[in-house]
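Beneath this line is the structure, given in structure tokens, with notes to follow.
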Amino acid sequence: MLTRWAWTSGTLKGGNLVSWDRELVNTLPQNFLYSKDEHCFRIISGGIYRFELGFYSKKKPTIQIIVNGQTIISAVNSNSYVVHHSSGKLKEICVNEVSGLTYYDFFTLQENSRIAISYSGEVGHGFIGMQRM
């Protein structure tokens, strides 16, 4: 069970919430609920999930993963990169004047979890993917 969404429009809702505009894959649409151009999506089944994400712009962005209204990870434009408990891997990328952050980690989600991404920085694009373990 996996899903992946893209953010190509650069549109933010409420000032800084990523508005997902393309569903790239969804092998279980009854678990991964997505509506085009919404800033939040829902995970119906609780369990352990692998998160992967990447965001790219001319300067490194700052992102936050928000689950049920609570920030669980902050990846910031600084030397410390991850500002939370994360044991995941965060990698800085810089190719042809495009900078980015890529990240993956594992989280336990409750049933009916709502996930959103906060983005600060220059207009960019990105993706998020999740897989139930």
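Those residues that are within 19 Å of Ser113 (Cβ to Cβ), open to solvent by 50 Å² or more (accessible area, probe 1.4 Å) and either touching a residue at least 40 places away in the same chain (Cβ under 8 Å) or among the aliphatic types (A, V, I, L, M) (or both), I need them from segment 6-43; list them, please.
Hits for segment 6-43 are Leu33, His39, Arg42.
I need a count of the residues in segment 44-60 that are modelled with pLDDT of 95 or more and either aromatic (Phe, Trp, Tyr) or not in a strand (DSSP E or B) (or both).
Adding up the residues that qualify gives 4.
Taking segment 61-92 as the search range and keeping residues that are in a strand (DSSP E or B) and of a type in the set (Gly, Ala, Ser), which one is modelled with the highest pLDDT?
This residue is Ser74.
Can you say whether Leu28 is aliphatic (A, V, I, L, M), assigned to a strand (DSSP E or B), at pLDDT 90 or above and closer than 14 Å to Gln131 by Cα, as far as the supplied structure shows?
No; evaluated as a whole, the condition is false for this residue.
The values are calculated or read from the model by the stated rules, or taken from the named source; none is laboratory data. Source: prediction; values computed, not measured. Heads up, the Cβs are rebuilt from the backbone with ideal geometry, glycines too, and the neighbour counts pull from every protein chain shown. Surface accessibility is based on the protein's heavy atoms, side chains included, excluding ligands, DNA and RNA. Shrake-Rupley method; radii C 1.70, N 1.55, O 1.52, S 1.80 Å.
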